[in-house]
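Working notes, beginning with the structure itself.
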Amino acid sequence: MIELSRKEDGTSDTEVFAKDVAHGLSQEPKSLPSRYFYDAAGSKLFQGIMALPEYYLTRCEFKVLTENREEMARQFAANGFFHLIDLGAGDAMKTKVLLRELSQQKSAFDYVPVDISGTAMSQLRDSLQQEMPSVDVQAVVGEYFPALEWLQDNKAARKVVLFLGSNIGNFKADESKRFLQRVCSNLSKADKLLMGIDLRKDPDVVLSAYNDASGVTAEFNLNLLRRINRELGGNFNVDQFQHYPIYNPHEGVMRSFLVSKEDQDVYIQSTGQTFHFDAWEAVHTENSHKYTLQQVYELGKACGFSVETVFQDKACRFADVLFTVD
Ligand SMILES: C[S@@+](CC[C@H](N)C(=O)[O-])C[C@H]1O[C@@H](n2cnc3c(N)ncnc32)[C@H](O)[C@@H]1O
């Protein structure tokens with residue numbers, strides 16, 4: 001397994017986490033970056049979310065990939081050997097549909113899952129060794145861009161990048177553009193990008209996906225405070241915060257918050273700071289954008305990509321869009 005998570009200036013991951021938390025909680029309004037959801041406990045909770053009846057995204061994308069796997073594998077492998085790079089791979093439950101198909105078609109490829117969660121990557125490497133020993137796997141623990149840059153320097157062959165799970169929706173509008181432009185700048189003409197996109201749909205369906213009846217999503221959101229307590233010596237009383245999701249159908253944005261139920265102070269040892277929360281003050285923790293297909297075409301175009309094929313499930317309103325580099 002390749003570990004890229006250490007910063008070149010010697011700053012540890014914990015120091016960066018502490019800095020980001022201090023910055024977010026000093027802002028008005030307060031926020032915490034969603035990338036810190038995925039420690040070992042958060043990755044496990046997210047697996048629970050993916051199995052929820054309300055969380056349609058995983059089921060829908062699984063269906064799109066399953067129904068179109070032959071065509072996708074054929075298009076990926078059209079020009080010979082390629083690296084299949086899975087950005088934010090997690091447990092790769094859906095990617096395994098494509099890996100099985102590519103193996104069956106005897107395509108020439110290797111699989112490079114990338115994730116900031118070391119636990120997720122070691123579990124994925126072990127599960128692939130068991131389930132698909134013939135697939136050549138090189139797991140990378142690190143951030144998206146250091147990983148893409150490392151790949152650019154170390155893996156010369158053609159690349160097919162996967163960015164599944166509608167992860168693109170977690171960025172702010174300007175961030176998603178910058179993200180895709182940077183992905184594009186690390187790709188060459190013959191490379192491809194397959195991106196999962198959650199399309200606009202019934203607002204009630206969207207809202208319940210992020211506010212399930214059994215409370216797993218609430219636990220996932222609150223785990224961010226537990227992680228600060230565990231890793232940064234925080235003293236959050238997690239029971240005094242509540243998960244609060246809200247969907248804006250006009251913007252197509254699902255936003256999640258942690259709301260302080262009372263006036264309270266929280267001390268975080270690693271930052272040496274005390275943060276005050278007013279009663280009912282909200283901390284923004286996540287965005288999930290829902291797109292129209294037109295927006296997807298325009299976003300791709302603005303970032304140097306053209307749409308090759310839209311694979312979608314019309315009933316689910318979920319699409320996996322295959323882009324080529326302009
Ligand atoms: C919502 S999960 C999606 C997992 C999988 N791709 C899927 O579609 O089911 C997001 C994954 O991205 C990873 N992740 C989040 N931010 C990241 C970053 N900046 N660099 C690398 N991985 C990241 C998380 O650790 C998590 O495993």
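The values are calculated or read from the model by the stated rules, or taken from the named source; none is laboratory data. The structure displayed is predicted, hence computed values, not measured ones. Because the Cβ atoms are built from the backbone with ideal geometry, glycine has one as well, and the counts that use them run over all protein chains shown. Just the protein is used for accessible areas: all its heavy atoms, side chains included, with ligands, DNA and RNA removed. Shrake-Rupley method; radii C 1.70, N 1.55, O 1.52, S 1.80 Å.
So what does the Cα-only Debye profile of the chain read at q = 0.13 Å⁻¹, as log10 I(q)/I(0), no solvent term?
-1.01
According to a simple spin-label model (label point 7 Å from Cα along Cα-to-Cβ), what is the distance in nm between residue 2 and residue 189?
Output for this residue pair reads 2.5 nm.
By how many nm would the segment from residue 67 to residue 274 lengthen if fully extended, with 0.36 nm per residue of separation less the alpha-carbon distance?
Stretched out fully, the residue 67 to residue 274 stretch lengthens by 69.3 nm.
Using a 1.4 angstrom probe, figure out how much accessible area region 283-326 has per residue, in square angstrom, rounded to the nearest whole.
On a per-residue basis, 39 Å².
I'd like the Kirkwood hydrodynamic radius of region 168-268, using the inverse of the mean 1/r over distinct C-alpha pairs, in Å.
After inverting the mean inverse Cα-Cα distance, the result is 16.5 Å.
Nearest 10 degrees, 0 to 90: what angle lies between the long axis of helix 293-302 and the longest principal axis of the chain (Cα atoms)?
80
If you fit an axis through the alpha-carbon atoms of helix 216-232 and take the longest principal axis of the Cα set of the chain, what angle between them do you get, 0 to 90°, nearest 10?
That helix lies at roughly 70 degrees to the long axis.
Along the Cα→Cβ direction, 7 angstrom out, place labels at residue 79 and residue 181. What is the inter-label distance in nm?
2.4
Considering Cα pairs under 8 angstrom that are at least six residues apart, work out the relative contact order of region 1-141 and quote it in whole percent.
Worked out over region 1-141, it gives 27 percent.
Given 4 °C and 1.567 mPa s, compute D for region 277-326 with the Stokes-Einstein relation, Rh being the Kirkwood radius over Cα pairs; round to the nearest whole µm²/s.
In µm²/s, the coefficient is 97.
Distance between the C-alpha centers of region 208-248 and region 131-204? Whole Å please.
When both Cα centres are located, 27 Å separates them.
Over 27 Å between C-alpha atoms is what I'm after, so list which of 30/96; 63/159; 30/192; 19/261; 19/94 land there.
Violating the 27 Å limit, Cα to Cα: 30/96; 30/192; 19/94.
Nearest 5 is fine: what % of DSSP beta bridges in the chain come out antiparallel, could you say?
Expressed as a percentage, antiparallel bridges in the chain total about 60.
Counting only heavy atoms of protein chains, what accessible area per residue, in Å², does region 131-218 have with a probe of 1.4 Å?
With all protein chains present, region 131-218 gives 41 Å² per residue.
For the chain, with all protein chains present and a 1.4 Å probe, just round the carbon and sulfur fraction of the accessible area to a whole percent.
49
Mind checking the angle between helix 56-76 and the chain's longest principal axis? C-alpha axes, 0 to 90 degrees, to the nearest 10.
The answer is roughly 30 degrees.
Provide, for q = 0.30 Å⁻¹, the log10 of I(q)/I(0) from a solvent-free Debye sum over equal Cα point scatterers in region 28-79.
At q = 0.30 Å⁻¹ the computed log10 ratios are -1.04.
For q = 0.17, 0.18 Å⁻¹, what log10 I(q)/I(0) does region 76-203 give under the Debye formula with an equal point scatterer on each alpha carbon and no solvent?
-0.90, -1.01
Could you work out the relative contact order of region 275-326, using alpha carbon pairs under 8 angstrom and six or more residues apart, expressed as a whole percent?
Relative contact order of region 275-326: 26 percent.
Would you mind getting the Kirkwood hydrodynamic radius of region 229-292 from its Cα pairs, rounded to one decimal in Å?
13.2
Just subtract the alpha-carbon distance of residue 152 and residue 14 from 0.36 nm times their residue separation and send over the number in nm, one decimal.
Value of the extension gain: 47.0 nm.
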